[in-house]
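What follows draws every value from the coordinates through simple rules; no lab data is involved. Given the structure is predicted, the values throughout are model-derived calculations rather than measurements. Cβ placement follows ideal geometry from the backbone for every residue including glycine, while neighbour counts extend to all protein chains displayed.
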Amino acid sequence: MSRGVFVAGTDTGIGKSVASAALLAALNAGGHRAVGMKPVASGCMPAAAGLRNDDAMLLIAHSAGSPDYALVNPYALPEPVAPHLAAHSAGSEIRLGPIVDAFAALCTSSDLVVVEGVGGWAVPLSPALMQADLVRALDLPVVLVVGLRLGCINHALLSARAIAADGCRLLGWIGNRIDPAMARADDNVATLRERLPAPCLGVLPIPPCAIRKLWRGIWRRQLQCCFRRPAADFAEDAQHHRTTFALSAARKVRSRSPVPGASTALAARVTLSPNGMATSLARQLTASRACRPAP
């Protein structure tokens with residue numbers, strides 16, 4: 001039954017949603033009918049139709065057709081904390097059955113389902129359930145999103161090791177430039193290509209406009225502080241801006257309203273592998289026998 005991929009991350013807040021939406025955009029642009037799924041989401045906000053999550057809405061915006069929200073996000077939890085804690089606060093417990101049923105329903109109307117995970121890899125979903133249990137239940141290969149910042153090599157290699165130890169298979173990885181001022185980012189990507197036991201499907205860059213905003217913010221704050229603080233604090237200032245900018249940029253992308261051509265524009269932001277992200281992913285799926293033709 002498994003036709004799709006599970007998108008995991010090296011940590012929380014490193015751009016799994018943006019990478020998942022980019023995968024959806026690339027797959028749909030490449031002729032595949034792909035839909036997104038966010039099985040578990042915390043930090044959902046009340047809306048007229050019920051609790052809604054920005055990440056799930058972003059996936060719906062870049063999916064083929066108009067998948068039902070209840071299928072895309074079976075567990076919508078209000079408290080913005082770890083999912084097992086959010087579920088407990090909401091008086092519920094995350095179970096595999098409703099997620100597997102929703103995934104099967106999405107498979108009936110699509111060629112591929114891009115399932116976005118929550119947090120990093122080793123995340124509890126309930127007292128007796130880990131995220132790896134969900135991946136095994138859906139029988140999906142894993143695409144790992146690596147947040148490109150200092151420490152990403154360690155995080156990526158540990159995540160890949162944990163994925164294998166949990167009996168899951170790593171299909172490929174996507175780099176995401178969450179720190180526009182990261183030193184030697186290309187060398188880090190090259191090291192990841194050498195060390196990770198799966199191919200790079202693409203790299204999501206920081207848009208030029210985001211870099212301009214970053215440095216405008218740094219200089220504005222420095223000018224405000226230069227007569228009150230020692231020069232030694234400037235390096236700390238720059239690091240603060242890099243971190244806060246990456247988080248705010250991710251939030252802006254998630255909350256942006258869908259516009260015509262949004263999927264094409266998002267796909268165009270991807271630095272593709274030689275044969276393109278969609279082609280590369282489809283080839284890896286076929287090679288791993290994870291993608292079977294629809295009946």
Is it the case, given these coordinates, that Asp11 is in contact (Cβ under 8 Å) with a residue 60 or more places away in the chain, part of a loop (DSSP other than H, G, I, E, B), touching a helix residue (DSSP H, G or I) at 6+ places or on another chain (Cβ under 7 Å) and within 23 Å of Gly120 (Cβ to Cβ)? yes
Could you grab me the full set of residues in the range 86-119 that are more than 25 Å from Leu171 (Cβ to Cβ) and without any contact (Cβ under 8 Å) to a residue 24 or more places away in the chain? His88, Ser89, Ala90, Gly91, Ser92, Gly97
Residue, farthest from Asp186 (Cα to Cα), within the range 108-140, restricted to residues that are under 15 Å from the mean Cα position of the chain (by Cα) and not hydrophobic (A, V, I, L, M, F, W, C): Gln131
